[in-house]
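Data first, discussion second: the structure below is written as C-alpha cells.
The values are calculated or read from the model by the stated rules, or taken from the named source; none is laboratory data. Remember, predicted model here, so these are calculated numbers, not experimental data. Because the Cβ atoms are built from the backbone with ideal geometry, glycine has one as well, and the counts that use them run over all protein chains shown.
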Amino acid sequence: MSEAIAFYTLAALILGFAILVITARSTVHSVLFLVANFLFVAALYALLGAQFLAVIQVVVYAGGIVVLYLFVVMLVNLKRPPEVHKDPHRRSRLAFVMACVLLAEIGAIALWGYARPAMTATALATPMTASQNVEQVGWLLYTTYLVPFEVASMLLLVAMVGAIILARRDL
Amino acid sequence: MITPAHYTVLSAALFVIGMIGVLVRRNIIVIFMSIELMLNAVNINLVAYSSQLHNAVGQVFAIFVICVAAAEAAIGLGIILAFYRNKETINIDEMNLMRW
Amino acid sequence: MVETLVYPLIKIVFVLTGVLITVMYLVLLERKVQAWVQVRYGPMRVGPHGVLQPLADVLKLFVKEDITPVRADKWVYTAAPIIVLVPALIAFAVIPFGSTVHLFGQTIPLYISDINVGLLYIAAVASIGVYGIILGGWSSNSKYPLLGSLRSSAQLISYELAVTMTFVTVILISGSLSMVGIVEAQRKGHVWFAFLQPLACVIYFIGALAETNRAPFDLPEAEQELVAGFHTEYSGMRFALFFLAEYANMIVVSSVATTLFFGGWLRPFPNVAALRFLDVVPSWAWFCLKTFGLLYLFMWIRATFPRYRYDQLMRIGWKLLIPLAIANILVTAAVKVILG
C-alpha cells in the first residue's frame with residue numbers, strides 16, 4: 001500500500017519534471033529540472049531495493065554529468081536571448097503523433113505481456129535483501145562481468161582524453 | 001500491487017518524453033538532455049526487472065549505461081563547445097556546415 | 001509504527017537544533033581563536049566575554065534589507081542558498097554520534113539512520129552541494145559572483161575526486177560502506193584507521209579544507225579577492241544561509257573524519273580492560289571531543305597559513321592529491337591481497 005503511494009508519487013514527479021525539462025524556456029531552468037528528475041529516479045531505485053545504484057545515480061548523474069551540462073550552458077548562454085522557434089507547429093505535431101503511437105505500442109506490449117499466466121504470480125514482492133545489495137553488485141562486476149568493467153574504464157579514459165583535446169582553444 | 005509492468009509503462013512514458021524533446025527542440029543542449037532522459041528510462045526498466053527476478057545483473061547493466069552516458073556527455077559537450085567557438089550558435093538548424 | 005516514525009523525528013529535531021546552535025557558536029569560536037592567535041581578545045562586549053555575540057549577529061542578519069539585483073533570475077536567486085544549505089544538513093542523517101543510550105527503558109541508537117551505503121550517501125550529498133554555489137554566482141547577474149562561483153565550483157569538484165578516493169581505501173580495510181560498520185571495524189581491529197592509513201587521512205583533511213572553501217583554499221570567497229566571491233550580491237537572511245551552510249559543512253566534514261579515521265565514538269583503546277574507568281565518559285562525548293578537536297584544527301590552520309593562488313590550488317588538487325590517492329589505493333589493495 002505504502003509502496004503504491006510512493007511509486008505513484010515518484011512516477012508523477014519524474015514525468016512532471018521530464019515534461020518541464022523539454023518545455024522550459026530558459027536552458028538553465030531545463031538543467032535544474034533535469035537534476036530534480038534524476039534525484040527522483042534515484043529515489044525510485046532506492047524503492048526498488050537497488051541502494052547502490054541509487055547513490056551512484058546521484059553521485060555520477062546528478063552530481064557529475066548535469067554539473068557538466070550546467071557549466072556548458074553557463075559558458076554558452078552568457079548573452080543569448082531565448083532560442084527562436086522556427087516553424088514549430090508542423091514538427092511538433094508530427095512528433096506528438098509519433099510519440100503517442102510509440103507509447104501506445106510499448107504500453108500495450110507491457111500490459112499484455114504481463115497478463116500472461118506465467119508471470120502474474122510473482123508480483124514485485126520483496127526487494128533484494130538490503131545488506132547484500134552492494135556485495136551482489138560488486139561480486140558480479142568483478143567476476144562475471146570483469147571484461148566489460150575493464151573495457152568501460154578504457155572507454156572513460158578515451159572519453160576524458162577526447163574531451164580535453166576538443167575543449168582546447170588551438171584545436 | 002506494483003508490478004514490473006507499471007515500471008515499464010513509466011519507463012516508456014519517460015522514453016517518449018525524451019524522444020519528443022529530441023525531435024521538437026532546436027537547442028542542442030536540450031537535445032542532449034533529452035537523450036539523457038531516454039537513457040534513464042532504459043535504466044528504470046532494467047532495475048525494475050532486476051528487482052523482480054532477484055538478480056543483480058540488471059543493476060550491473062544499468063551501471064554500464066551510466067558509464068557510457070557519462071562518456072557520451074563529456075564528448076558531446078566538448079563538440080558543442082568547439083562548434084560554438086567557431087559558429088557562435090547552438091541552434092541545430094544553423095549547424096549545416098556539411099550541407100551542399 | 002511509533003518506532004519507525006516518532007523516534008527518528010525526535011532525533012532529527014535534536015540533531016538539527018544542535019547543529020544550528022553549534023554553527024552559531026562556531027562562528028564565535030572562530031573569531032575568538034583567530035583573535036587569541038593574533039594576541040588580542042576578539043568579541044568581548046556582548047555578554048560576558050562575548051558569549052552572546054551570535055545572538056547579536058543573528059538579529060542583525062534578520063533585520064537587514066533583502067536586495068535582489070536587477071535582471072537576476074528570481075527563482076534561481078532565491079533557491080541557491082537553499083540548495084547549498086539542504087545538503088549540508090541532510091548529511092547528518094547517517095553520522096553516528098554515539099553507540100546507544102538508555103532512556104525511559106528503551107535502548108536508542110545515537111544515529112538517525114544507518115543505511116548500508118552511508119559513506120557513498122555522504123559523497124552524493126557533497127556533490128549536490130556544488131549546485132548552490134554555481135547557481136548563486138550565475139543568478140546574481142554580475143561579474144564578480146560569476147567568476148567566484150566558477151572558480152569555487154571547479155575547486156570543489158576537483159578536490160571531491162581526491163576525497164572520494166580516500167573513502168575507497170577506508171572501505172577496502174573496513175569491508176563495509178555503512179558508517180556504523182566502519183566504526184565497528186575500528187573497534188574489532190583495535191586500531192584507529194588514522195594509524196593504518198595516515199596518507200589517506202592527510203589527503204582527506206586537505207581535501208576537506210578545499211571542499212568547505214576554508215583557508216588556505218578560500219580564494220573564491222576571500223574579501224581581498226573578487227569582493228566576496230559567489231555570495232557578493234546576497235544580503236540579510238540569504239547571506240546567513242550561505243554562512244550557515246559553510247559552517248555546517250565544516251561540522252559534517254569533521255564528523256566524517258572522526259568516524260572514518262579517529263574511531264568515531266570509541267574511547268581510546270576500547271578493548272583494553274585496564275582503561276575501563278574511561279567509560280564514565282559517554283560515547284557521544286568522545287565523538288564531540290574528537291570533532292571539536294578537528295574543528296579547532298580547521299581554525300588553527302586558517303589563522304596560520306597564507307592563501308593559495310588559484311592555479312596553485314588546482315595544481316595541488318590534480319597533480320598532487322589525486323595521484324597520491326590512487327597510489328594509496330593500489331598499495332592498500334596490494335597489501336590486503338598479500339596479507340589475505
Filter result (farther than 25 Å from residue C:167 by Cβ and of a type in the set (Phe, Trp, Tyr)) within the stretch C:301-322
C:305, C:310
Within the stretch B:44-100, restricting to residues that are more than 7 Å from every other protein chain (Cβ to nearest Cβ) and acidic (Asp, Glu), the one that is surrounded by the fewest Cβ atoms within 10 Å (Cβ to Cβ) is B:88
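Looking for whichever is hydroxyl-bearing (Ser, Thr, Tyr), under 30 Å from residue C:12 (Cα atoms) and not in a helix (DSSP H, G or I) here; the options are C:68, C:107, C:78. Which one fits?
Working: C:68 fails: under 30 Å from residue C:12 (Cα atoms); C:78 fails: not in a helix (DSSP H, G or I).
C:107 is the lone residue from the list that is hydroxyl-bearing (Ser, Thr, Tyr), under 30 Å from residue C:12 (Cα atoms) and not in a helix (DSSP H, G or I).
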Output yes when any residue across the stretch C:154-175 is without any contact (Cβ under 8 Å) to a residue 12 or more places away in the chain and either over 29 Å from residue C:219 (Cα atoms) or buried (at least 18 other Cβ atoms within 10 Å of the Cβ) (or both), and no when none is.
yes
Would it be correct to say that residue A:165 is at pLDDT below 85 and assigned to a helix (DSSP H, G or I)?
no
Output the residues belonging to the stretch C:166-193 that are under 18 Å from the mean Cα position of the chain (by Cα), aromatic (Phe, Trp, Tyr) and more than 18 Å from residue C:324 (Cα to Cα).
none
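I'd like to check something: does the stretch B:33-43 contain any residue that is without any contact (Cβ under 8 Å) to a residue 12 or more places away in the chain, more than 7 Å from chain A (Cβ to nearest Cβ) and farther than 22 Å from residue A:144 by Cβ?
No, the stretch B:33-43 contains no residue that is without any contact (Cβ under 8 Å) to a residue 12 or more places away in the chain, more than 7 Å from chain A (Cβ to nearest Cβ) and farther than 22 Å from residue A:144 by Cβ.
Would you mind finding the one in A:44, A:78, A:48, A:68 that is at pLDDT below 95, more than 8 Å from chain C (Cβ to nearest Cβ) and under 24 Å from residue A:5 (Cβ atoms)? Can you show your working first?
Values: A:44 fails: at pLDDT below 95; A:78 fails: under 24 Å from residue A:5 (Cβ atoms); A:68 fails: under 24 Å from residue A:5 (Cβ atoms).
Exactly one residue qualifies, and that residue is A:48.
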Anything in the stretch B:19-32 that is more than 7 Å from every other protein chain (Cβ to nearest Cβ) and either without any contact (Cβ under 8 Å) to a residue 40 or more places away in the chain or not hydrophobic (A, V, I, L, M, F, W, C) (or both)? List them, or say none.
B:22
